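Shown next, in structure tokens, is the structure this report addresses.
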Amino acid sequence: MHLLQALLLQRRVLHWLFPLVSLWAAIIFGLAFSGASVAQAVGTAPLPGLIAEKLQVGPRATPVPNANVRNVAGEVLPNEQARFEFVSVQTIAIDGDPGLPASDLLPQRAAAVPPQSPLFLDGNCQTPMSLMLHSSFGAERMHQLAREILVRGLKTTTYREISEVLRGGACPAWNSIVVSLDDFGTDWLRPHFQSMMRAFTDRGLLLVVGAVVHGSQDADAWNYLREFEDLGNEVASHTVNHYNLARLEQSEVEWEIKGAHQIICHNLGRCPETLILPFGINDGSGTVRSAADGYSYVVGIPGGRSFGGEAPYYLGRIGPDNFDQGSTLIELAASFRSLPSAGAEFISFRANNSEDALQAHLLLSPSP
């Protein structure tokens with residue numbers, strides 16, 4: 001009796017398990033079969049041939065199911081045909097970044113602008129107060145600096161705007177100040193830089209940004225820089241890779257300077273007028289000046305307190321005071337204002353007068 005009950009229970013268990021086992025077997029078999037079919041389809045799908053060495057091929061992203069797409073010629077393709085479509089991207093070879101995709105480059109919008117004659121000064125102009133900033137300066141200090149500039153009635157300007165003043169037969173105004181922010185990378189748009197730049201642009205103050213253009217070019221970064229220039233600001237070249245130019249061979253120096261010039265011309269739609277030297281270091285052989293033939297200004301750190309003759313002109317800058325932006329402006333005035341003998345009188349004045357009197361003397365009175 002017990003044996004018969006055990007046999008009946010076993011049959012019921014097997015009867016219940018058999019459909020489940022059959023279902024799992026069918027699923028596994030179906031997946032294996034479909035995987036082989038997909039692999040075969042991918043392996044046998046026709047791909048267009050490569051055209052010369054200036055074309056590189058990459059897969060287009062798989063479209064959304066049941067959607068139609070258009071090919072390069074504008075023809076509507078069914079989804080299944082579009083799934084295996086590849087596109088050809090033309091590249092151009094230029095100094096500085098020979099693998100830059102042509103699709104990242106815009107037509108030269110500046111092509112319709114008549115070229116300006118090279119600058120030449122029969123005499124000398126005083127270099128405007130010129131301040132060098134980096135990302136570590138931060139947005140908060142940028143806001144403080146902007147407020148100090150407005151309170152003192154200083155006029156922010158750009159190197160590009162200085163050229164317009166020179167062509168008008170004048171030197172930059174005595175209360176002009178150039179504030180430049182270095183190391184803006186064009187490979188992606190960094191929010192930190194945007195915050196710093198807005199501290200000036202939101203107040204209607206002008207700013208110069210030094211762009212480092214190595215690597216792939218980000219469309220959002222260039223759109224932002226074009227809007228930035230449309231507000232009257234300036235995008236300067238900070239070379240391709242931000243190397244110390246004084247330690248490079250002549251061909252490498254030319255690559256860094258001329259290559260950056262070409263990349264900015266294409267992407268910005270306007271060629272840069274200013275070369276900001278990495279680390280503020282110039283070379284002693286004249287290679288930088290020769291390679292900077294397409295620029296109006298070469299900007300470093302030491303010297304460059306006045307300029308004249310034939311462009312490109314070398315102009316100097318100084319760094320900020322990280323604790324007090326009022327002190328930053330005082331040091332700028334001391335370094336760049338046109339004072340007799342550029343030293344002795346200022347040192348004597350500084351030793352015998354308060355900081356407030358010094359500030360009033362240097363920042364609130366016109367040049368003699």
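Read-outs throughout are calculated quantities, based only on the coordinates presented, and are distinct from any laboratory measurement. Since the structure is predicted, the reported quantities are computational estimates derived from the model, not experimental observations. When we count neighbours, we look across all protein chains shown, and the Cβ atoms used for this are built from the backbone with ideal geometry, even at glycine.
Points to keep in mind about this one:
- The GluC sites (Glu not before Pro) of segment 215-294 that DSSP puts in a loop, and whose beta carbon has at most 12 other beta carbons within 10 Å, are Glu249.
- Unit Cα scatterers, Debye sum, segment 119-323: log10 I(q)/I(0) for q = 0.12, 0.14, 0.16, 0.18 Å⁻¹: -0.57, -0.79, -1.05, -1.34
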